[in-house]
Amino acid sequence: LHCNRTRAVAQYSVLHKHEFAACCVPSGRVFGTHAGSQNLSGSRSHVVPMSVAKAQRANRRGNPFFEGAAIAVSTVAFCGVGAAVCEAAQATESNDQIDFSKVRSSVAVLLEQDPDFGPTLVRLGWHASGTYDRFTRTGGSNGGTIRFEPESGHGANAGLSKAMARLEPIKAQFGAALTYGDLYTFASAVAIEHMGGPAIAWRPGRMDAVDGSACTPDGRLPDAEVAASGSSVAGTVNHLRTIFGRMGFNDQELVALSGAHALGRCHPSASGYTGPWTRAPTTFSNEYFRELLENTWTLKKWDGPIQYEDPSGDLMMLPSDMALIWDRDLRGYVELYAKNEEKFFEDFAAAFSKLLELGVARLESSSQRSVVAQRLAHQKEELVSKLGEMERAAASARAVLEEQLFEAQRAAGVLSAQAGEAAEALMREKEAEVRELEQALYERVKRDAADLKNTHATLKQKIAEEQAALGKKLDEKAKEIKKSWWG
């Protein structure tokens, strides 16, 4: 066995060398979650202890002290950590026949051979589970229906058929005792832990559907195209809250699950979008939130769908990603997780474990549930359903108000622009009048100066003539005097 000690820089170089197996599609980007060491039934969960994730993250950051520890931890994760014994009601063959440490080892082999397969497995577990509708109680991971048409052909699931095909040898190895629903969800949990993420509490007990009759309709997963086509930020945020609320998630869980965009990248051939969210797309971390807040994002100028890029053009964000920092309530959780990776891992693990169990009636034996617990669970479900309806109504009202505010702001902007244009026109008009007055004054002064000059010349000529006449008279007078003197 060997340890995957690829650091973030080295992983980033892989971006330009290999095509990632994790395809991003319009309705389902990689999402993902941290939990305790025991499952809800009290039995030991199939998880890698927290020390594994810490050692892997330390190795990712290039700490030489942890490199040897990471090798040892990878070996432990590769071999598996225990096996949970959990009874599956109505199962044709009981899950307690399976040693899940061996299943973990088989999945780990695939991840060691191809590290880029990790994000794809996370996406597979998400898409197999994220179709759940808590109002109709349909969809979810129970049945493993994602392998059947029409669900396997949904746009959100582009590229996942290849991932399921790569898991078929493991399914064949363990036979009917290992259901597809358990295999897909367990493999996604193992992948998160393998990439340095938190330990995911997971329990077996999902049934397998025999055909595609239970497949859910298309459109139940987050859709970047729907979000991007919204008329406002509120429309994008409302779409996310509607999709996640239908599954029973609140704002905090929505943002936590979005943090798995630290993994994988988008492919134009699958979703139309292109590029990774972070520079370490096979390492689970809080880098996604840090990039959202600390980087600068502008609209990408290209012929593809709406997406955003950083100044380098290497990283990208979808409209649904940007909505997390555009909305005030969602942004609060983004800021929290950007500062506190441990808190993010804790919340993510809890939300992802919850995601993987959506649509599964029970994962523990009936003897472990009392009548009171069942009644309380039913009452809680009704309350959650009512709360969801109230949240949707509030979200719709908020969306309308935000639309009205947006229109009012736009109208105010138009009025302000019109006022500015009018002021500029008046200023130009007054400036023209001043210039005309200045020109008229100049011409008048010029004419007065010319008249004054002509008057001066006339006076000068007149004076000269008078002086000449006077001189002549003086000469004549002098002659007369002289003549009178000399007789």
Taking the options LEU376, LEU401, LEU355, name whichever one is modelled with pLDDT of 90 or more, in a helix (DSSP H, G or I) and open to solvent by 60 Å² or more (accessible area, probe 1.4 Å).
-> LEU401
Hey, any hits in segment 282-294 for a residue that's within 15 Å of LEU318 (Cβ to Cβ), within 15 Å of the chain's Cα centre (by Cα), modelled with pLDDT of 90 or more and not hydrophobic (A, V, I, L, M, F, W, C)?
-> yes
Looking at this structure, is THR136 assigned to a loop (DSSP other than H, G, I, E, B), among the hydroxyl-bearing types (Ser, Thr, Tyr) and open to solvent by 20 Å² or more (accessible area, probe 1.4 Å)?
-> yes
Determine whether segment 81-101 contains at least one residue that is modelled with pLDDT under 90, open to solvent by 10 Å² or more (accessible area, probe 1.4 Å) and closer than 24 Å to ALA260 by Cβ.
-> yes
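The values are calculated or read from the model by the stated rules, or taken from the named source; none is laboratory data. Predicted model only: the values in this text are computed from it and were never measured. With ideal geometry, Cβ positions are generated from the backbone for all residues, glycine too; neighbour counts draw on all protein chains shown. Quick note on the areas: whole protein, heavy atoms, side chains included, nothing else; ligands and nucleic acids left out. Shrake-Rupley method; radii C 1.70, N 1.55, O 1.52, S 1.80 Å.
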